1. Among the candidates SER84, SER100, SER59, SER92, which residue alone is under 28 Å from GLN216 (Cα atoms) and among the polar types (S, T, N, Q)?
2. Spot the failing condition for PHE85; the list is (1) at pLDDT 95 or above; (2) open to solvent by 20 Å² or more (accessible area, probe 1.4 Å); (3) not in a strand (DSSP E or B), and only one is missed.
3. Residue by residue through segment 136-162, note down the ones that are in contact with a strand residue (DSSP E or B) (Cβ under 8 Å, 6 or more places away or on another chain) and over 19 Å from VAL231 (Cβ atoms).
4. Is segment 188-195 home to any residue that is touching a Gly at 6+ places or on another chain (Cβ under 6 Å), more than 22 Å from LEU115 (Cβ to Cβ) and crowded, with 19+ Cβ neighbours inside 10 Å?
5. Could you check how many residues of segment 88-114 are hydrophobic (A, V, I, L, M, F, W, C), touching a helix residue (DSSP H, G or I) at 6+ places or on another chain (Cβ under 9 Å) and open to solvent by 20 Å² or more (accessible area, probe 1.4 Å)?
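The values are calculated or read from the model by the stated rules, or taken from the named source; none is laboratory data. The structure displayed is predicted, hence computed values, not measured ones. Cβ sites come from the backbone with ideal geometry, for glycine too, and all protein chains shown count toward neighbours. We work out accessible area using only protein heavy atoms, side chains counted, and drop any ligands, DNA or RNA first. Shrake-Rupley method; radii C 1.70, N 1.55, O 1.52, S 1.80 Å.
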Amino acid sequence: MRFASLGSGSEGNAWLVESNKTRLMVDCGFSVNEVVRRMARLELLAEDLTAILVTHEHSDHMSGVARLAKRFNIPVYASFGTLSFCRDDIPSHLCNELFSDSPVVIGDIQVNPFLVPHDAREPLQFVFDDYNHRLGIVTDVGHVTQHMLVSLSDLDGLAIESNHDEQMLVQGRYPQHLKARVKGEFGHLSNDQAVSLLQQLNHERLANVVAAHLSQHNNKPEIVEELFMAVIKEKERFAIATQEEGLGWVIL
């Protein structure tokens with residue numbers, strides 16, 4: 001199994017998860033042309049996608065889903081709440097409903113969806129299992145729950161939101177209502193919350209950790225790296241998925 005990011009941040013998100021002949025996209029917050037361009041950097045074609053999984057309906061995760069699915073006839077998987085936001089834009093034969101804690105097998109990968117606290121209709125995050133490796137992708141989460149920790153047990157790879165530095169957010173230029181949303185129980189994980197989650201996981205198999213969805217205004221990569229490295233220790237096990245460059249293939 002391997003995974004990559006086409007871009008991660010408030011302006012657009014998309015991940016790729018691949019095992020054998022199965023290639024899944026998680027979220028699509030970019031235009032079709034931008035997806036094609038960014039996939040080309042990884043020597044991939046959009047028509048080679050097996051399916052698109054959507055975490056929630058916010059535009060930086062979903063704005064390109066319908067057009068990409070229709071253009072290349074790609075099945076879309078999401079919760080009822082998320083699909084209710086876009087069902088009119090996606091042909092019914094391409095819509096597939098996901099349920100929290102009910103695994104679904106797509107090609108060579110078992111997808112394990114689980115609910116998370118975020119200000120969306122029915123947000124899910126995912127663990128991917130190809131029966132040799134397990135990968136968790138977790139972004140857009142307001143706080144860490146016990147259910148999340150159980151769902152993320154025994155991973156080989158983890159991409160985890162590390163959205164903001166709490167002091168930078170408080171002192172930053174965001175209006176007060178937006179600051180309250182970001183740091184609220186249904187907003188985004190701070191650096192400290194992400195590191196706390198990481199500390200609570202079993203690290204026996206955890207070979208690769210990626211920090212994701214960094215705020216361009218309320219965070220700095222060097223802050224994130226310092227905090228994560230205090231837990232991970234080995235630099236080759238850590239990477240950051242950026243907004244513009246994403247992240248190249250990580251092999252589990």
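1. Details: SER84 fails: under 28 Å from GLN216 (Cα atoms); SER100 fails: under 28 Å from GLN216 (Cα atoms); SER92 fails: under 28 Å from GLN216 (Cα atoms).
Going through SER84, SER100, SER59, SER92 in turn, just one is under 28 Å from GLN216 (Cα atoms) and among the polar types (S, T, N, Q): SER59.
2. Here PHE85 meets the rest and fails (1).
3. Answer for segment 136-162, where residues must be in contact with a strand residue (DSSP E or B) (Cβ under 8 Å, 6 or more places away or on another chain) and over 19 Å from VAL231 (Cβ atoms): ASP140, HIS147, SER151.
4. No: segment 188-195 contains no residue that is touching a Gly at 6+ places or on another chain (Cβ under 6 Å), more than 22 Å from LEU115 (Cβ to Cβ) and crowded, with 19+ Cβ neighbours inside 10 Å.
5. Total satisfying the criteria: 2.
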